[in-house]
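Notes to accompany the following structure.
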Amino acid sequence: MGLIQYGIEKAGIPTISISHLRDLTEKVRVPRALYLRFPLGRSFGRAGEVELQKQILMDAIRFLEEMTEPETIIKLPYKWKGSHER
Amino acid sequence: MKLSGNRLIESIVGMKAKQMIHPNEGAIPFAKFTKPAYQARFALITTAGVHLKTQPVFDVEAGDSTVRFIPKQCTDQDLMISHTHFDRRDADQDINCVFPLTRLKELAVEGIIGEAAETHYGLMGYIPNTSMLIHETIPLIIKQLQAEKVDAVILNPG
């Protein structure tokens, strides 16, 4: 995914990505990322969590505006409740 | 045995991913996002293997690096996931967990963003050989984003 983000940003279009693995994203090196301690497959929350899904999208939009230099990674404050297995 | 959905397995997947990564070299580009969000056009790109039910499934084990163009007009029920390397239990019930196009369109209705782009993009994240991705797929995506004058892109993995 880092290659795609890099290519698009290089073409002049601003990008931001959701990261589930902060150290991986640091190694890949991308323009902007939001680190979220949610398991893969839930980049915007669980099934039916409409408000959280929308909030994470709005966070992405806000940090597209606010981040001022490449390789910025911001940790979002949301906590994953419960285990992966349900 | 399920290959995803617990921390041990996901940490192994994470370690494997770290061995497979292709760090971006040199200066990292940075395009300033200057347009007010309420006037801007946004596109989503996911590597969680999302596509229309009518489009070909991803050939996951072959490291399929092709892209599916997903039209704005589609509904959640028109979409499916054919990536197999993550726990899909939430996303199979609600595609917005990995591809929040419906939420993005709601933000447009609410006036928070200008609009969702006409096209969004589904790929599959397991791509050991990146040559075709770099030389064919990414240029194809960029061409479409530019043709539609997309102002910003939000990406998420799978």
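The values are calculated or read from the model by the stated rules, or taken from the named source; none is laboratory data. Just so it is clear, the structure is predicted and the values come from calculations on it, not from any experiment. Here Cβ is always computed from backbone atoms with ideal geometry, including for glycine, and neighbour counts include all displayed protein chains.
Numerical summary
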| quantity | calculated |
| --- | --- |
| Residue match in segment A:45-55 (condition: farther than 23 Å from B:G26 by Cβ, at the interface with chain B (Cβ under 9 Å from one of its Cβ atoms) and of a type in the set (D, E)) | yes |
| Matching option when the condition is of a type in the set (A, V, I, L, M), over 20 Å from B:E25 (Cα atoms) and touching a Pro at 6+ places or on another chain (Cβ under 8 Å), among A:I74, A:I61, A:I18 | A:I18 |
| Close pairs from segment A:43-56: first farther than 14 Å from A:L76 by Cβ, partner part of a loop (DSSP other than H, G, I, E, B) and not β-branched (V, I, T), Cβ under 7 Å, at least 6 apart | A:A47/B:D94; A:G48/B:D94 |
| Residues satisfying the stated conditions in segment B:15-62, i.e. in contact with a helix residue (DSSP H, G or I) (Cβ under 9 Å, 6 or more places away or on another chain), among the small types (G, A, S) and at pLDDT below 95 | B:A17 |
| Selection from segment A:25-44 of residues that are surrounded by 17 or more Cβ atoms within 10 Å (Cβ to Cβ), within 7 Å of chain B (Cβ to nearest Cβ) and part of a helix (DSSP H, G or I) | A:V28 |
| Matching residues in segment B:85-126 - criterion: being more than 9 Å from chain A (Cβ to nearest Cβ), within 23 Å of B:A62 (Cα to Cα), in contact with a strand residue (DSSP E or B) (Cβ under 9 Å, 6 or more places away or on another chain) and among the hydroxyl-bearing types (S, T, Y) | none |
| Selection status of A:E71, more than 18 Å from B:A91 (Cβ to Cβ) and facing chain B (nearest Cβ under 7 Å) | yes |
| Evaluation of B:F33 against (1) assigned to a loop (DSSP other than H, G, I, E, B); (2) surrounded by fewer than 20 Cβ atoms within 10 Å (Cβ to Cβ) (one fails), failing number | (2) |
| Criterion: closer than 21 Å to A:L52 by Cα and either surrounded by fewer than 23 Cβ atoms within 10 Å (Cβ to Cβ) or among the charged types (D, E, K, R) (or both) - qualifying residue of B:E61, B:E106 | B:E106 |
| Residue tally, condition touching a Gly at 6+ places or on another chain (Cβ under 8 Å) and assigned to a strand (DSSP E or B), over segment B:115-158 | 2 |
| Residue within segment A:23-32 that is of a type in the set (A, V, I, L, M, F, W, C), in contact with a helix residue (DSSP H, G or I) (Cβ under 8 Å, 6 or more places away or on another chain) and touching a residue at least 40 places away in the same chain (Cβ under 8 Å) present | yes |
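Here's the yes/no breakdown for (1) closer than 27 Å to B:D94 by Cα; (2) of a type in the set (K, R); (3) in contact with a strand residue (DSSP E or B) (Cβ under 9 Å, 6 or more places away or on another chain):
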| residue | (1), (2), (3) |
| --- | --- |
| A:P31 | no, no, yes |
| A:L36 | yes, no, yes |
| A:L40 | yes, no, yes |
| A:S43 | yes, no, yes |
| A:Q53 | yes, no, no |
| A:I56 | yes, no, yes |
